[in-house]
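These notes are about the structure you will find just below.
The values are calculated or read from the model by the stated rules, or taken from the named source; none is laboratory data. On a predicted model such as this, the values are computed, not experimentally measured, just so you know. No Cβ is skipped: glycine too gets one built from the backbone with ideal geometry, and neighbour counts run over all protein chains shown.
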Amino acid sequence: MLPASFRLTQEKDFALIYKKGRRVQGRSLRIIVARSNQNVNRFGFVVSKKDLPLSTQRNRLKRILRDEVRVHIKAIKAGHDIVIQGRGGAKHAPPSEIRAELIQLIRRLGLIT
């Protein structure tokens, strides 16, 4: 579990990131990143019912993503708000593929040093 200081919880924060953030996407994930004035990264995880209709699928994907972020949190450059969205391609993807795609997308954004 991520500590509260590393989580996005406010709807206004999500709206600002969606409005001003940079986007990259892969087959299973989309990442939206916006600079913040804080010295820590904050993460939000979103998986819609449209993409993954069963709650067990949505929760599984969010658990995988939260764990991978927790493992790599110190390697990611500080000062960003990051929303990670699950897409329909994650429905049948194995966890190792989802984890690899997450790291690949974060690298593409230039956030891992």
- Query: In the range 15-40, which residues are surrounded by fewer than 17 Cβ atoms within 10 Å (Cβ to Cβ) and in a helix (DSSP H, G or I)?
  - Reply: 15, 16, 18, 19, 20
- Residue satisfying all of: in the range 85-110; under 19 Å from residue 41 (Cα atoms) and among the basic types (Lys, Arg); surrounded by the most Cβ atoms within 10 Å (Cβ to Cβ) among these: 99
- Note on the structure: Expected single match for closer than 15 Å to residue 111 by Cβ, at pLDDT 95 or above and of a type in the set (Lys, Arg) among 22, 99 is 22
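I need the full set of residues from the range 71-95 which are over 14 Å from the mean Cα position of the chain (by Cα), in contact (Cβ under 8 Å) with a residue 24 or more places away in the chain and under 19 Å from residue 37 (Cα atoms), in order please.
Correct list: 75, 77, 78, 79.
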- Please specify each residue of the range 36-65 satisfying the condition of being among the charged types (D, E, K, R), within 15 Å of residue 97 (Cα to Cα) and within 10 Å of the chain's Cα centre (by Cα). 62
- Note on the structure: Within the range 18-35, the residues that are farther than 14 Å from residue 98 by Cα and either aromatic (Phe, Trp, Tyr) or touching a helix residue (DSSP H, G or I) at 6+ places or on another chain (Cβ under 9 Å) (or both) are 18, 24, 32, 33, 34, 35
